[in-house]
Amino acid sequence: MSLSPEHRSLLMRANRLLGANLVEANLVKIDNLEAANERLLELISTGDYKKGSVLAVLAYELQVVKESDVLQHVMDEHGVGLVDLRAYEVPDDLRATIDLGACWATWSVPFDREEDVYFIATAYYLSPAVRMYWEKQLGSSIVWFGTTLEMLSDYFEKQEAARSGAPANP
């Protein structure tokens, strides 16, 4: 499955702005970001949007930042809490209406809702493109939570498997 042109554009914007804010927060150096962006373009050109994360390249391939340091920064500087999606039962109505392409593109997922307030788990809080996208899509108040790329990836893959009727990986 490939991303739609809209989701591909969103993925590129989300990554570009996340990278810029990681540099601005002194979490990575500009040289590292440039190398990560080149690698990201290689990964995306293969059509595998699931690897479309500048944060994953910086943290796991280049090993120039720890994902935990990024989450700590988001907690300390932006007052964002953390959520473990593995321990959370997402309401059926929300799970059924989630646009998984947008979730992969933004590394974010709405995981709960109370009246007109949505709760979104994200690894990309530092990307204004991600926050603006979800604010526009949901048209409602949002409470943001940080989480890891791995937790999000596992969650998205389980949702894709459930929608296709295939068994999910445990």
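For the reader, a short list of remarks on this structure follows.
- Reach of residue 51 by Cα under 12 Å, taken over aspartates and glutamates that are not fewer than 8 positions away in the same chain: 42, 61, 150
- For the chain, the alpha-carbon radius of gyration amounts to 0.99 times the rule-of-thumb value 2.2 N^0.38 Å expected for a compact globular protein.
- Shape call, the range 81-164: gyration tensor on alpha carbons, a/c limit 1.5: rounded
- When Rg and Dmax are taken over the Cα atoms of the range 5-65, they come to 10.9, 32 Å.
- Per-residue ellipticity at 222 nm, computed for the chain from helices alone with -39500 (n - 2.57) per DSSP H run of at least four residues, works out to -16500 deg cm²/dmol.
- Burial ranking of peptide ranges 118-129, 85-96, 61-72, 149-160 (average Cβ count within 10 Å, highest at the top): 118-129, 149-160, 61-72, 85-96
- Cα centroid separation - the range 1-53 against the range 82-119, whole Å: 22 Å
- The residues of the chain present an accessible area of 53 Å² per residue when probed at 1.4 Å with all protein chains retained.
- Across the range 31-37, computed HN-Hα scalar couplings (Karplus, 6.51 cos²θ - 1.76 cosθ + 1.60, θ = phi - 60°) run 4, 5, 5, 4, 5, 5, 5 Hz from first to last residue, x flagging Gly and Pro.
- Coupling constants for the range 54-68 follow from the phi torsions by the Karplus curve (6.51 cos²θ - 1.76 cosθ + 1.60, θ = phi - 60°), and in residue order they are 5, 5, 5, 5, 5, 7, 10, 8, 7, 6, 9, 8, 9, 4, 5 Hz; glycine and proline get x.
- For the range 115-161, the C-alpha radius of gyration divided by 2.2 N^0.38 Å, with N the number of residues, is 1.21.
The values are calculated or read from the model by the stated rules, or taken from the named source; none is laboratory data. As the structure is a prediction and not an experimental result, all values here were calculated from the model. As a convention, Cβ positions derive from the backbone with ideal geometry for all residues, glycine included, and neighbour counts pool all protein chains shown. These accessible areas exclude ligands, DNA and RNA; they are computed on the full protein's heavy atoms, side chains included. Shrake-Rupley method; radii C 1.70, N 1.55, O 1.52, S 1.80 Å.
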